[in-house]
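So the structure is just underneath, and the comments pick up after that.
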Amino acid sequence: MSLTDILNPSDIAAALRDCQAPDSFSPKKFFQISGMSKKSSSQIKEIFRILDNDQSGFIEEDELKYFLQRFECGARVLTTSETKTFLASADHDGDGKIGAEGINLLIFI
């Protein structure tokens, strides 16, 4: 399964266009524009599984900086500041990684 099986490709493209400039990425805004905020909890878990590149059950900082590239291979890498802000916003237990629950909370709050 791919992200375009769950999300509309034109919504993904619009979300990526919105954050093309360095330090312009906002997770909440990206989730809204891409349509992720309109998906069910089970669909979000499937998206999370796809984004979890090493299938560890978590998205770690190293994976997170390539977050946009999981949506489109030519997309930019998140800046260090964006990566740290994104991680802090979804890492609710402070372990330095994001679980599926953290993404769910970030998307739906």
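In this simple spin-label model, placing a label point 7 Å from the Cα along the Cα-to-Cβ direction at both MET1 and CYS73 gives a separation of 2.3 nm. Phi-derived couplings, Karplus 6.51 cos²θ - 1.76 cosθ + 1.60 at θ = phi - 60°, listed residue by residue for the stretch 73-80: 4, x, 5, 6, 7, 5, 5, 4 Hz, with x used for Gly and Pro. Taking the chain as a Gaussian network, where each spring joins two C-alpha atoms under 10 Å apart, which residue of ALA21, ALA90, ALA75 fluctuates the most? Highest fluctuation among the options: ALA21. State log₁₀ I(q)/I(0) for the chain at q = 0.24 Å⁻¹ as given by the Debye formula over alpha-carbon point scatterers of equal weight, solvent excluded. Computed log10 I(q)/I(0) values: -1.70. Using the rule -39500 (n - 2.57) for each DSSP H run of four or more residues, divided by the residues of the chain, the 222 nm mean residue ellipticity is -13500 deg cm²/dmol.
Bear in mind these aren't lab numbers, they're just calculated from the coordinates by the rules spelled out. Everything numeric in this text was worked out from a predicted model, so none of it was measured. Glycine also receives a Cβ, built like all others from the backbone with ideal geometry; neighbour counts cover every protein chain displayed.
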